[in-house]
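What follows is one structure encoded as structure tokens, with my remarks underneath.
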Amino acid sequence: MRRYCLCIAIAMLGWSSTGMATEAFGIVLHRPLVTQECLKRQDAYLSDDHEQCYKWPDGAAVSNTLPRDGQIIVNIPLQDRPGYMSGSDVMVGLKDGLVVSLSVRTHRGEENLHDYRALVDEFGEPPGAASQQAALPNEFHSLLANWTLPDGATVYYNSTEWNAVAGLVRVQWPTANAHQSGAWD
């Protein structure tokens, strides 16, 4: 009986730790990325809006396998795109073959409250509150927020990472390279 209870307890702990892993855009942090390369025609990617697939960034050394370290772009299916995501692509950072960061562009600066509410729906209220800054003389406001998730991952949001053109959400594992301001990393 003890052996049976021990097996159930171990199975439950294993299940709960897997369930606690941070997932965003249909990709799980600190796990290998499992997806196929997007279809190509005449050396241009033809992403299908209903399937997840990866694309090599411009200037990357193309290979038959995903890199163990570096970055890859992943096309996210429509059904997995959250309300704050602008476009279809996520920049995925890889380290030792594991996903360590996920970055997406958000909408234009005037949509920052909509994007922020969608982030709160997904990750909860950030500790403290989002800070708001006026970017003068351009007369738009920037929202900045940071979350720390139960598994140690963090979420960074800057609604005006690229001025009023677009914002950035970056979900990262502690081992990810530090975010470079103004970079889609």
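What the table shows:
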| read-out | value |
| --- | --- |
| Within the range 157-178, considering residues that are among the small types (Gly, Ala, Ser) and open to solvent by less than 40 Å² (accessible area, probe 1.4 Å), the one farthest from Met85 (Cα to Cα) | Ala176 |
| Which listed residue is over 19 Å from Ala24 (Cβ atoms) and either touching a Lys or Arg at 6+ places or on another chain (Cβ under 9 Å) or open to solvent by 20 Å² or more (accessible area, probe 1.4 Å) (or both), from Ser142, Ser181, Ser101 | Ser181 |
| Counted residues, the range 67-90 - those being open to solvent by less than 10 Å² (accessible area, probe 1.4 Å), within 22 Å of Asn112 (Cα to Cα) and part of a strand (DSSP E or B) | 1 |
| Any chance Ser63 is part of a loop (DSSP other than H, G, I, E, B) and buried (at least 17 other Cβ atoms within 10 Å of the Cβ) | no |
| Test: Tyr116 is of a type outside the set (Val, Ile, Thr) and modelled with pLDDT of 95 or more | no |
| Residues satisfying the stated conditions in the range 30-51, i.e. over 20 Å from Lys95 (Cβ atoms) and polar (S, T, N, Q) | Gln36, Gln42, Ser47 |
| Condition met for Glu125 (charged (D, E, K, R) and open to solvent by less than 90 Å² (accessible area, probe 1.4 Å)) | no |
| Any hit, the range 39-56, residues being within 15 Å of Asp185 (Cα to Cα), assigned to a strand (DSSP E or B) and among the aliphatic types (A, V, I, L, M) | no |
| Meets criteria (under 22 Å from Val28 (Cα atoms), at pLDDT 90 or above, polar (S, T, N, Q) and surrounded by fewer than 17 Cβ atoms within 10 Å (Cβ to Cβ)) for Thr154 | no |
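The values are calculated or read from the model by the stated rules, or taken from the named source; none is laboratory data. Remember, it's a predicted structure, so these values are computed and weren't measured experimentally. All Cβ positions, glycine included, derive from the backbone under ideal geometry; neighbour counts span all protein chains shown. We work out accessible area using only protein heavy atoms, side chains counted, and drop any ligands, DNA or RNA first. Shrake-Rupley method; radii C 1.70, N 1.55, O 1.52, S 1.80 Å.
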